[in-house]
């Protein structure tokens, strides 16, 4: 299994992942969890904290942090995704605060002109990598002492529950037997969905302490489109925020957000 490059899916990611209600929920959870850090960045004089968005793609959330006063580096292996980020950097007038670098996550330390980070973002990346646990070690190595890692990943438990809900028992059995959970080629289902309990262990082993633990899309994906489309988007986002830190809803969220600190 190789790490996934999204040159072929950049436009689909812009529309499906970052746009619409799904994107609104994702950004609402991240903004809530990182609000204290963003407020701190706004209060700092001078150049501001260093933010590194590893595998950042179009860097939507990282650009918000640049507007809040941070110095931002967005890295990715996809030229197409970085091109989308460059469009937004120019549109938002952030050329003096944002740098774009084509480099794999595993080589951040070796890349010239990329400093260690006060805040490191790694959103929806680990589940596309061949060696996610080792990648987490690389991320911790790129954090300054006392720095924060904002980590999101695709929750395998949510995928299992979805298959159970649909009655796809044979498909679930095939996944369990082969331990291969990836979707078909070209699918937005990642090649390596992760178990939250395992990632929490990896976080501790990498020398990071847990600050916040939230679910992203705890119930949105389980609603029928007919019911979901009748409700105001704002009401759904509000309830997603409310239940994002309450089990068992958090345990079934499509994505998990962990905010960690380097001890």
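The values are calculated or read from the model by the stated rules, or taken from the named source; none is laboratory data. Bear in mind that the values here come from a model prediction, so they are computed numbers and not experimental data. Note that we place each Cβ from the backbone using ideal geometry, even for glycine, and neighbour counts take in every protein chain shown.
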- [ ] Could you look through segment 1-38, keep only residues that are out of contact with any helix residue (DSSP H, G or I) (no Cβ under 6 Å at 6 or more places or on another chain) and outside any helix (DSSP H, G or I), and pick out the one that is modelled with the highest pLDDT?
- [x] 19
- [ ] For residue 248, work out the one condition from (1) part of a loop (DSSP other than H, G, I, E, B); (2) within 17 Å of the chain's Cα centre (by Cα) it doesn't fulfil.
- [x] (2)
Open item on the list: Looking at residue 147 and the list (1) loosely packed, with under 12 Cβ neighbours inside 10 Å; (2) farther than 17 Å from residue 131 by Cβ, which single condition is not satisfied?
Closed with: (1)
TODO: Find the helices (runs of 4 or more DSSP H) located wholly in segment 122-229 whose residues include 3 or more that are under 19 Å from residue 252 (Cα atoms) and touching a residue at least 40 places away in the same chain (Cβ under 8 Å), and list them.
DONE: 156-166, 196-205
TODO: For segment 39-48, indicate whether the set of residues that are modelled with pLDDT of 90 or more and touching a helix residue (DSSP H, G or I) at 6+ places or on another chain (Cβ under 7 Å) is non-empty.
DONE: no
Open item on the list: Please count how many residues of segment 230-243 are exposed (fewer than 15 other Cβ atoms within 10 Å of the Cβ) and touching a residue at least 40 places away in the same chain (Cβ under 8 Å).
Closed with: 1
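Select the strands (runs of 3 or more DSSP E) contained entirely in segment 46-121, then report the ones holding at least 3 residues which are closer than 22 Å to residue 137 by Cβ and in contact (Cβ under 8 Å) with a residue 60 or more places away in the chain.
50-54
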Task: Selected residue [within 21 Å of residue 260 (Cα to Cα) and buried (at least 23 other Cβ atoms within 10 Å of the Cβ)] from 117, 35, 68, 124 - done: 117
